[in-house]
Structure formats: structure tokens, C-alpha cells
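Enquirer: Structure incoming, see below.
Computed from the coordinates by the stated procedures, all read-outs in this text should not be read as laboratory data. Quantities reported herein were computed from a predicted structural model and do not represent experimental measurements. Reconstructed Cβ throughout: ideal geometry from the backbone, glycine too, with neighbour counts over all protein chains shown.
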Amino acid sequence: MLDAIARVEWAELFVPTHSIAEMVVRGSLMYLALFVIFRFMVGRQSSAVGIADILVIVIIADAAQNAFAKEYKSVTEGVTLVLTIVLWDFTLD
């Protein structure tokens, strides 16, 4: 049991395997595309939670899941994508 804990590959955990710039661009494009789709294609309703808020929750959940499931090879990649999404949310809201 202790051997499994001691054999953590720290470089694989934190060193990105994808370009940080590519992740920022991909996250930005996906957020903006979904924002436009939800803003103009979906009927508008008045409520306490806006469409942009729901969009951010769903995208962040998916981005975080990718980091947990090792679809991305490092935590850094998942955090970069989540921070990009949050930045766009604050910028547009």
C-alpha cells in the first residue's frame, strides 16, 4: 500500500502534455460558441440563474472531469482550461 503511494509520478501529474496556448484558445472558442448558441438560439426566460451561469457550470464540470480521468495528462492542463472558462464568464457577464 505504501509503495503505491510512494510511486506517484509527479512530473506526469503537473507537467502539461498539450500546449497551454492551445488549451486557452480551445476553451475560449468553445465557451464563446456555446455562449452565442445559448444566448440567441434558446428562448429567454427570467430567473435567478442565467444561461451563462449554467453554461459555465457544465463546461467547468466537463473540463474538470477530463483532468480527473487523465484525458488530459496533467492537473495543470485541467486547471488552465477551467481558468480560461472562468475568465470568459467574468468578461462577458
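Enquirer: Provide the packing ranking of 4-15, 19-30, i.e. peptides ordered by the mean count of other C-beta atoms within 10 Å per residue, highest first.
Expert: 19-30, 4-15
Enquirer: Would you kindly state how much longer the chain becomes between R39 and Q65 on full extension, computed as 0.36 nm times their sequence separation minus their alpha carbon distance, in nm to one decimal?
Expert: Roughly 6.9 nm would be gained on extension.
Enquirer: Shifting gears a bit: Using a 7 Å offset from the Cα along the Cα-to-Cβ direction at both W10 and L83, what is the distance between the two label points in nm, to one decimal?
Expert: Distance between the two pseudo-spin positions: 2.0 nm.
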